[in-house]
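Reading through the structure tokens given below for one structure.
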Amino acid sequence: MPTSTGSLVAVVGGGLAGMAAAARLAKMGHRVRLHEATDRLGGAWAPYALAGPDAGPAPVLVDDAPAVLTFPAPWRDLFRKSGRPLEAELARAGYALAPAPPTVVHHDDGSSLALPSDRGEQQEVLLRAYGPAAAARWQHLLDSLDDVWQALRPLGLEEPWEPGSLNRDLARRLRSRRSLADLADDLGDPHLRALVRATAYRLGTTPEQAPALAAVGLLVERTFGRWQVVAERGRPLDTGRTSVLVETLAARLGLRKVEVRLGSRVEGVETADRAVTGVRTSDAGTEPADAVVLAVDPWTAASLAPAPTARSLRRSLRRASPARLPRAEHVLLEEGGSGDSPAPGQPVAEHLHLDADGRPLVVTLRRLGDRLVRTTVDHRADHLEDRPGAGLVTDGFRGWRRRPGTATPTPGLALAGAASPSGPSPWAVAQSGALAAYAVAGRRD
């Protein structure tokens, strides 16, 4: 699949994965054309103005991205490998990436707990709240997930997913015979059980369907911390807005002279002698390309890809369905209009309300001067929506191992996105773009 420097690469999809792939490929010296069917970059991360009579004269921008990020290393790597480091780029625009406060977890019996991400602080808090036995079980679970994390790294996180690389030892380390619900039940305490189960619902699946390895997000947060975007000067309405990262990445695409085509719907990938030769678009017909990155959901990818790759994708998706997630709802409040306001000096507060089954209601509050933006994501809602671009729901470990990889049977064609083996977390989606860029370029610059 490797292409020579100066080759033309078409990236299909202007969400996070596509933008990440395009930025890296351009820095490597490739000519990059990014096709996005809508009128804006960023996908689900794209900012938009909060509407309504109380919005005020100055537009308040909101987004549907998580307000708190974990594992910033892939973000830093993305910016470093495409130009100026992340912290320097944010500082130039008046922002910074800063540690976020602990999540406040609320249970249906009325109790609440601020759960820090630091290992020692977690242990102290849980010891006081639930006693030594429950705290020890939690500690043991998260410590054991470190082995899961290490086993996952060569399986689609840091290296492209190759089914043959999953041997019996790695499958054992990944708890292949257990579901996330099984891990939650091991904890005994109903509050901790609900907290583990919530990780599956927030991924758009259920604890019974999610493989045990999906709990690794708990370990990632404990190891790498919680982070938020803060406005340091001149942008009070942008504090805590994660889509700042997408805007910064879009500026990087401009700096790297990526040709961004908004409103350009790709209708198919063209091939000759089984290799990629271009893409067929709604606005310009067939355009040549030496390689293509499909940074779209896998169902769309299957409809665009040439026959060998389309067949492979359809086999992968045979028992899969899209992630099911609620819509984010944003409301502007006066300061003091919520008892869950951020603490003094903190721009963001995150509250996780759990029912006995672990279904979460996530409430995030951003301080904007003397007002607040409250964002609610209710996984307990009666109506959840299929979100093909947000990831896959598969049947346990067997379904997970059938996920589409980065490489495809078509030379010159790579895949990226939330359905990749790295998963749907924001850092993982950005990393999938990196792996697709490496697959196309044949090197890691």
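The values are calculated or read from the model by the stated rules, or taken from the named source; none is laboratory data. Here the structure is a predicted model, which is why all the values come from computation and not from measurement. Cβ atoms come from the backbone with ideal geometry, glycine included; neighbour counts cover every protein chain shown.
All but one of (1) assigned to a loop (DSSP other than H, G, I, E, B); (2) at pLDDT 95 or above hold for ASP283; which doesn't?
It fails just one condition, (2).
Among what's in segment 372-384 and is part of a strand (DSSP E or B) and in contact (Cβ under 8 Å) with a residue 60 or more places away in the chain, pick the residue that is nearest to the chain's Cα centre (by Cα).
Here the answer is THR375.
Grab the helices (runs of 4 or more DSSP H) fully contained in segment 165-263, keeping just those with 3 or more residues being small (Gly, Ala, Ser) and either touching a residue at least 12 places away in the same chain (Cβ under 8 Å) or farther than 21 Å from ARG387 by Cβ (or both).
In segment 165-263, 190-202, 244-255 are the helices (runs of 4 or more DSSP H) which contain 3 or more residues that are small (Gly, Ala, Ser) and either touching a residue at least 12 places away in the same chain (Cβ under 8 Å) or farther than 21 Å from ARG387 by Cβ (or both).
Could you look through segment 264-276, keep only residues that are in contact with a strand residue (DSSP E or B) (Cβ under 6 Å, 6 or more places away or on another chain) and free of Cβ contacts under 8 Å to residues at least 60 places away in the same chain, and pick out the one that is surrounded by the fewest Cβ atoms within 10 Å (Cβ to Cβ)?
GLU267
Please determine, by comparing only the residues of segment 133-166 that are among the aromatic types (Phe, Trp, Tyr) and under 18 Å from the mean Cα position of the chain (by Cα), which one is modelled with the lowest pLDDT.
Per the criteria, the residue is TRP161.
Does GLY417 satisfy the criteria of being outside any helix (DSSP H, G or I), buried (at least 23 other Cβ atoms within 10 Å of the Cβ), in contact with a Ser or Thr (Cβ under 7 Å, 6 or more places away or on another chain) and modelled with pLDDT of 95 or more?
Criteria met by GLY417.
For ARG324, indicate whether it is assigned to a loop (DSSP other than H, G, I, E, B), within 30 Å of ALA184 (Cβ to Cβ) and touching a Lys or Arg at 6+ places or on another chain (Cβ under 8 Å).
When the stated conditions are applied, ARG324 does not pass them.
Kindly provide the set of residues from segment 112-134 that are exposed (fewer than 15 other Cβ atoms within 10 Å of the Cβ) and part of a helix (DSSP H, G or I), ordered by number.
Within segment 112-134, ARG119, GLY120, GLU121, GLU124, ARG128, PRO132, ALA133 meet the criteria.
Any idea which of (1) surrounded by 16 or more Cβ atoms within 10 Å (Cβ to Cβ); (2) out of contact with any Pro (no Cβ under 7 Å at 6 or more places or on another chain) is the one ASP378 doesn't satisfy?
Only one criterion in (1) surrounded by 16 or more Cβ atoms within 10 Å (Cβ to Cβ); (2) out of contact with any Pro (no Cβ under 7 Å at 6 or more places or on another chain) is unmet by ASP378, namely (2).
Give ARG403, ARG387, ARG367 a once-over and let me know the one that is modelled with pLDDT under 90 and either buried (at least 18 other Cβ atoms within 10 Å of the Cβ) or in a strand (DSSP E or B) (or both).
After applying the criteria, what remains is ARG367.
Residues to consider are ARG80, ARG92, ARG137; find the one that is in the same structural domain as PRO207 (by TED's automatic domain parsing) and either among the charged types (D, E, K, R) or surrounded by fewer than 19 Cβ atoms within 10 Å (Cβ to Cβ) (or both).
Only one candidate qualifies: ARG137.
With ASP169, ASP185 as the choices, which residue is surrounded by 12 or more Cβ atoms within 10 Å (Cβ to Cβ), of a type in the set (D, E, K, R) and either more than 25 Å from ALA414 (Cα to Cα) or assigned by TED's automatic domain parsing to the domain that holds ALA437 (or both)?
ASP185
Looking at the structure I just gave you, is SER432 at pLDDT below 95, within 19 Å of the chain's Cα centre (by Cα) and over 22 Å from ASP273 (Cα atoms)?
no
Sort out which residues of segment 145-162 are surrounded by fewer than 16 Cβ atoms within 10 Å (Cβ to Cβ) and either out of contact with any helix residue (DSSP H, G or I) (no Cβ under 7 Å at 6 or more places or on another chain) or on the phi > 0 side of the Ramachandran plot (or both), and write them in order of number.
Across segment 145-162, the qualifying residues are GLN150, ARG153, GLU158, GLU159, GLU162.
For segment 420-445, how many residues meet the condition of being in a helix (DSSP H, G or I) and more than 20 Å from ARG175 (Cβ to Cβ)?
15
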